[in-house]
Amino acid sequence: MTTGSLLAVDLVIAVLAAAAWLGGGAASAARRRPLALGLAAFALLATLARAFTIIALARAGWWFAGEKVLIAAPLSLAAVVVAGPRLLRAPGDIRSVAVPLLFAGYAQSGALLVTLLYGYPASAGVGLLAVAGVVAATALSWRVLGARPSRMVSRAALVVAVAALLTGTGLAVAPGAASGVPHDHDYPLARTADEPTRRFALTAGTATVSVSGRDVEAWAFNAQVPGPELTATAGDVLEVTLRNRDIARGVTLHWHGYDVPNSQDGVPGVTQAAVLPGQEFVYRFRADQVGTYWYHTHAVSDVGVRMGLYGVLVVRPAPVTGVDVTVPVHTLSGLPLPEPKVEPVEADVPVRLRLINTDSTTHRYALAGTPFRVAAIDGYDLQGPAPLVDTAVLIPAGGRYDLVFTAPPTPVALFVDGRAVYSTGPVSAATGAWPVLDPLTYGVGSPVPWSRVDRTFTLVLDRGLDLHGLLPRYAHTVNGAADPDIPSQVVRLGDIVKFTIVNRSQIVHPWHLHGHHVLVLSRNGEPATGSPLWLDSFDVRPGDVWEVAFRADNPGTWANHCHNLAHADAGMTLHLMYS
Ligand code: C2O
Ligand code: CU
């Protein structure tokens, strides 16, 4: 079983156990003897079963199991010890076991809440809060059910609950590490001094665009979605003037995957101020990375990109020979883009399809009718990519794959999630059952270019309650904290930096570091054996552990975030800083 499914199974068992204990308690309070005994027996089994899931998770990595071992397991043990023997004695008046059963239910629910609301890393404060909650709820039930605990017992319960509550709150709200993210301060405009050789102007504004014959309200660059395709030849100096006509919440341009100087990175509040209506900002950088990239607004990026503020950036090594098409996939108002394009191509012509996923979730691409190779991922050429037939690729949010083939005499079609998007003629193919390419084992490997690691950081991705803002929110968290409270990762110029990225949540997190490409070292303990993979966007699936590394060679303050932009806006953003 994968760690992802193990996490899900453990969660389901925990929910069932908590519900069955509570249900059993309620049933016995109502003197429904068979129901009470049935539920309690089920709860007991479920609680014991968690011993296996928790141990299996701990073996997969402490990140997945920390709070379960330290908080859920002792609470479960207490539940079994308190409720179990009383049940076995199966008293004549079933009502007399109501409180022990309810206690077990509160213990399981408390542990579950710790996992759902708090997660990793477990802390003494949270453990004590859970204990306080369990003791208080049990004492209350005791009262309500009219059972008469001895004075000593109820006093003791009160003392334990209050002490746990006070200590727990104290520990839980004690200030953590200061965040130290510089916001809204001036960065020197470290521009490329050279004269621009390619100039573009992008004006952001609200617009009505037509998609599949329907009018859609969008936010667009130059009134089109996607915005104009920006192309350059390696060595060009690009100058892009961004103007904002009427996007009230502001816009910027972020060059996704393009490792520009920090001042050109387009992150509002970090590298520049958002460009408000009537304002402009000029970006300039040298196009020294060839490949497939894209640009998008980084101001309220979740809304802005979804509404249409994105476009393609392609830098080619030399003038194009053959057919070279970009396929930026997006969902605008629920409608898929681009609209299908049919374009006959003569046999023997080389074709490059540049696939770009500009949505916040993974898409599945399948090229039917020809063998093909994946020539590049995230703008970086792969080494020794073998030809593939009837194989699908999964592209994470923000990611790009370049597929190349020589046009056969018969038609070829590219399907995205089963929909033909680009074809050279009619093709009918059922691509849904095709195997998916694993890029970690594709192509020819090379040794890792560094023999040392200067800094390591672990990022544990999860969900959790964030009480630090104006309103409490159920945030997407990194190491238990949400933006802007996640400590920055501080590195020095020249450091070899390693990230271990762990997903203990139930959803995919497409990870994206600005300003650098990272080299994939391993996934779930399996070293990457294929072509070196230099990525800027990769899907960390539930239960995944990725190890990636990079050389800190681009000074500045860089966003490091989940590219499911709703997650990024809901807390899952931190920063890499150079000291
Ligand atoms: Cu494509 Cu910070 O984003
Ligand atoms: Cu995410």
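The values are calculated or read from the model by the stated rules, or taken from the named source; none is laboratory data. Computed from a predicted model, the values in this text were never measured in an experiment. Cβ sites come from the backbone with ideal geometry, for glycine too, and all protein chains shown count toward neighbours. Please note that ligands, DNA and RNA were not included when accessible areas were found on the heavy atoms of the full protein model with its side chains. Shrake-Rupley method; radii C 1.70, N 1.55, O 1.52, S 1.80 Å.
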Pairs needed: first member in the range 494-514, within 22 Å of S579 (Cα to Cα); second member anywhere, among the aromatic types (F, W, Y) and away from ligand 2 (no atom under 16 Å from the Cβ); C-beta distance under 6 Å; at least 6 residues apart or different chains.
I496/W450; V497/F550; F499/F457; H514/W558
Residues of the range 568-579 classified as within 16 Å of ligand 2 (Cβ to nearest atom) and not acidic (D, E), total:
6
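Matching residues to (1) open to solvent by 10 Å² or more (accessible area, probe 1.4 Å); (2) of a type in the set (G, A, S); (3) in a loop (DSSP other than H, G, I, E, B); (4) out of contact with any Ser or Thr (no Cβ under 7 Å at 6 or more places or on another chain):
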position: V327; (1), (2), (3), (4): no, no, no, yes
position: H330; (1), (2), (3), (4): no, no, no, no
position: P344; (1), (2), (3), (4): yes, no, yes, no
position: D348; (1), (2), (3), (4): yes, no, yes, no
position: R352; (1), (2), (3), (4): yes, no, no, yes
position: L355; (1), (2), (3), (4): no, no, no, yes
position: T361; (1), (2), (3), (4): yes, no, yes, yes
For L565, all conditions in the list (1) more than 10 Å from ligand 2 (Cβ to nearest atom); (2) surrounded by 21 or more Cβ atoms within 10 Å (Cβ to Cβ); (3) not aromatic (F, W, Y) hold save one; what is the number of the exception?
(1)
Which of the residues spanning the range 521-541 are more than 20 Å from N357 (Cα to Cα) and of a type outside the set (S, T, Y)?
L521, R523, N524, G525, E526, P527, A528, G530, P532
Report yes if G110 is on the phi > 0 side of the Ramachandran plot and open to solvent by less than 20 Å² (accessible area, probe 1.4 Å), otherwise no.
no
Return the total of residues in the range 34-50 being in contact (Cβ under 8 Å) with a residue 24 or more places away in the chain and surrounded by fewer than 16 Cβ atoms within 10 Å (Cβ to Cβ).
2
What is the residue count in the range 215-232 for residues that are part of a strand (DSSP E or B) and either at pLDDT below 95 or open to solvent by less than 10 Å² (accessible area, probe 1.4 Å) (or both)?
6
Do we find a residue being touching a strand residue (DSSP E or B) at 6+ places or on another chain (Cβ under 6 Å), under 24 Å from G379 (Cβ atoms), within 15 Å of ligand 1 (Cβ to nearest atom) and not aromatic (F, W, Y) anywhere in the range 221-228?
yes
List the residue pairs whose Cβ atoms are under 9 Å apart, where the first residue sits in the range 248-261 and is open to solvent by less than 10 Å² (accessible area, probe 1.4 Å), the second is within 16 Å of ligand 2 (Cβ to nearest atom) and of a type in the set (D, E), and the two are 6 or more positions apart or on different chains.
H256/D536; G257/D536; Y258/D536
Odd one out for G543, checked against (1) more than 16 Å from ligand 2 (Cβ to nearest atom); (2) touching a Lys or Arg at 6+ places or on another chain (Cβ under 8 Å); (3) open to solvent by less than 20 Å² (accessible area, probe 1.4 Å)
(1)
Quick check, is S579 open to solvent by less than 10 Å² (accessible area, probe 1.4 Å) and touching a strand residue (DSSP E or B) at 6+ places or on another chain (Cβ under 9 Å)?
no
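Among the residues of the range 538-579, which ones are away from ligand 1 (no atom under 15 Å from the Cβ), in a loop (DSSP other than H, G, I, E, B) and touching a Phe, Trp or Tyr at 6+ places or on another chain (Cβ under 9 Å)? I'd like the intermediate steps shown before the answer.
To start, the set of residues in the range 538-579 that are away from ligand 1 (no atom under 15 Å from the Cβ) comprises 540-553, 555, 577-579.
Then keep just the ones that are in a loop (DSSP other than H, G, I, E, B); that gives 541-544, 552-553, 555, 579.
Residues satisfying the conditions are G543, A552, P555.
Check I54, I13 and return the single one that is of a type in the set (V, I, T), open to solvent by less than 60 Å² (accessible area, probe 1.4 Å), modelled with pLDDT of 95 or more and in contact with an Asp or Glu (Cβ under 8 Å, 6 or more places away or on another chain).
Values: I13 fails: in contact with an Asp or Glu (Cβ under 8 Å, 6 or more places away or on another chain).
None of the others qualify; the one that does is I54.
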So which residues in the range 405-434 are surrounded by 18 or more Cβ atoms within 10 Å (Cβ to Cβ) and outside any loop (DSSP other than H, G, I, E, B)?
F405, A413, L414, F415, V416, A420, V421, Y422, S423
From the set of residues in the range 525-537 that are surrounded by 19 or more Cβ atoms within 10 Å (Cβ to Cβ), within 20 Å of the chain's Cα centre (by Cα) and assigned to a loop (DSSP other than H, G, I, E, B), which is nearest to ligand 2 (Cβ to nearest atom)?
D536
Within the range 549-558, identify whether any single residue is within 16 Å of ligand 2 (Cβ to nearest atom), among the polar types (S, T, N, Q) and modelled with pLDDT of 95 or more, and answer yes or no.
no
Here the qualifying pairs (Cβ atoms under 7 Å; residues six or more apart or on different chains; first in the range 555-570 and over 15 Å from L513 (Cβ atoms) and without any contact (Cβ under 8 Å) to a residue 12 or more places away in the chain; second more than 9 Å from ligand 2 (Cβ to nearest atom) and open to solvent by 10 Å² or more (accessible area, probe 1.4 Å)) come out as none
Let me spell it out: the conditions are (1) over 42 Å from the mean Cα position of the chain (by Cα); (2) open to solvent by 10 Å² or more (accessible area, probe 1.4 Å), and A98 meets all of them except one. Which number is the exception?
(2)
